[in-house]
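The values are calculated or read from the model by the stated rules, or taken from the named source; none is laboratory data. All values derive from a computational prediction rather than experimental measurement. As a convention, Cβ positions derive from the backbone with ideal geometry for all residues, glycine included, and neighbour counts pool all protein chains shown.
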Amino acid sequence: MYFRPTENQLFSFSSYKKNRILEPRMINPMKKLTYLFLALSLWGCSTTKNINNKSEKWITLFNGKDIKDWNVKIHHHDYNVNYGNTFRVEDGIIQVRYDQYGDFNDQFGHLYYKTPFSYYHLKLKYRFVGELQKGAPDYTLRNSGVMFHAQDPKTMPKEQDWPISIEMQFLGGLSDGRPRPTGNMCSPGTDIFYKGKLYDGHCLDSKSKTYDGDQWVSAELIVLGDSLVKHIINGDTVLQYSKPQIGGGVANRYDPKIKIDGKALKSGFIALQSEGQPVDFKDIEIKQLPITSASKSK
């Protein structure tokens, strides 16, 4: 039998737990707004977290198989001519070799990742092997590096020797008991600020230890656009500076339209160096950093 309660009966039944029907209640309008703002805030936090998680993902730049994602520019040669198979891959390692060169002839080279970056954390491992190539300058003995905020290699004339860029310089010990730090800064066609002042030298030594032999060394760069740069070697911060910008000397025979002294370097390409010393690179990864987080660090 179907029973339809009257309105009065409906409310009288609410006092019973059995067959209970909830009483309608009025919600304070201010409470409604509070609930709404709370829901939106939680949604916003969740969305921000998802964005940050996405931006903090490590990306492999070298696939361990080939250098198809990379481009070559070697002094005296056109763009993407890998003269003498300078940059090659073997056993999951990018090898820099000169066995097909003869005399080195100032054929300084760089292997560029295909896209530029601005705010990021880069990490890689390197080691020095073999002997300095015949004809290479003495200063390139156990010397290499990673260039960053570098100009697009497509804009480099055939006879430009060094890209306009900042370099995290890698040096190996000479097993002579003398200190030879690594993770230094060099500045072909650029300037930086160190301890709040424009640094007027070309290279700036870090405070790292000396690494002799053919051991793998871990190097990291934290780059925050045109503000802060930090060099890390084997987990230790060894150098920090700021305000990378175009300026200075060392780079030669560049296109004058590219070298605008005083222009802030907010982004650029990453490149591995070849300058006469055989060297290996592996485990090259990058994590792009949110610009908002970087700005707070200025």
* Would you pick out the residues in the stretch 238-247 that are in contact with a His (Cβ under 7 Å, 6 or more places away or on another chain) and touching a residue at least 60 places away in the same chain (Cβ under 8 Å)? -> Pro244
* Asked: Somewhere in the stretch 94-115, is a residue free of Cβ contacts under 8 Å to residues at least 24 places away in the same chain, acidic (Asp, Glu) and either closer than 29 Å to Ser242 by Cα or assigned by TED's automatic domain parsing to the domain that holds Thr182 (or both)?
  -> yes
* Members of the stretch 178-224 that are at pLDDT below 95 and over 28 Å from Ser118 (Cβ atoms) -> none
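Conditions (1) in a strand (DSSP E or B); (2) touching a helix residue (DSSP H, G or I) at 6+ places or on another chain (Cβ under 9 Å), marked per residue:
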position: Tyr101; (1), (2): no, yes
position: Leu132; (1), (2): no, yes
position: Trp162; (1), (2): no, no
position: Phe193; (1), (2): yes, no
* **the stretch 240-269, residues that are of a type in the set (A, V, I, L, M) and within 22 Å of Leu141 (Cα to Cα)** => Val250, Ala251
* Asked: Going by the conditions given, is Gly44 small (Gly, Ala, Ser) and at pLDDT 50 or above?
  -> no
* To do: Inspect the stretch 76-87 for any residue being touching a residue at least 12 places away in the same chain (Cβ under 8 Å) and part of a strand (DSSP E or B) and give the result as yes or no.
  => yes
* Asked: Considering the stretch 195-236 alone, what residues qualify as being more than 24 Å from Leu289 (Cβ to Cβ), among the acidic types (Asp, Glu) and without any contact (Cβ under 8 Å) to a residue 40 or more places away in the chain?
  -> Asp200, Asp205
* Structure fact -> Reported set for the stretch 212-246 where residues are within 16 Å of Thr190 (Cβ to Cβ) and assigned to a loop (DSSP other than H, G, I, E, B) is Gly225, Asp226, Ser227
* To do: Please state which one of Arg142, Arg127, Arg97, Arg88 is surrounded by fewer than 17 Cβ atoms within 10 Å (Cβ to Cβ) and out of contact with any His (no Cβ under 7 Å at 6 or more places or on another chain).
  => Arg88
* Would you check which residues across the stretch 238-260 are hydrophobic (A, V, I, L, M, F, W, C) and farther than 28 Å from Val217 by Cα and list them? => Ile246, Ile258, Ile260
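Yes/no matrix, rows are residues, columns are (1) within 19 Å of Asp66 (Cα to Cα); (2) aliphatic (A, V, I, L, M):
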| position | (1), (2) |
| --- | --- |
| Gly84 | yes, no |
| Arg88 | yes, no |
| Gln107 | no, no |
| Leu124 | yes, yes |
| Gly130 | no, no |
| Ala136 | no, yes |
| Leu141 | no, yes |
| Gly145 | no, no |
* **Check on Tyr120, farther than 19 Å from His76 by Cβ and in a helix (DSSP H, G or I)** => no
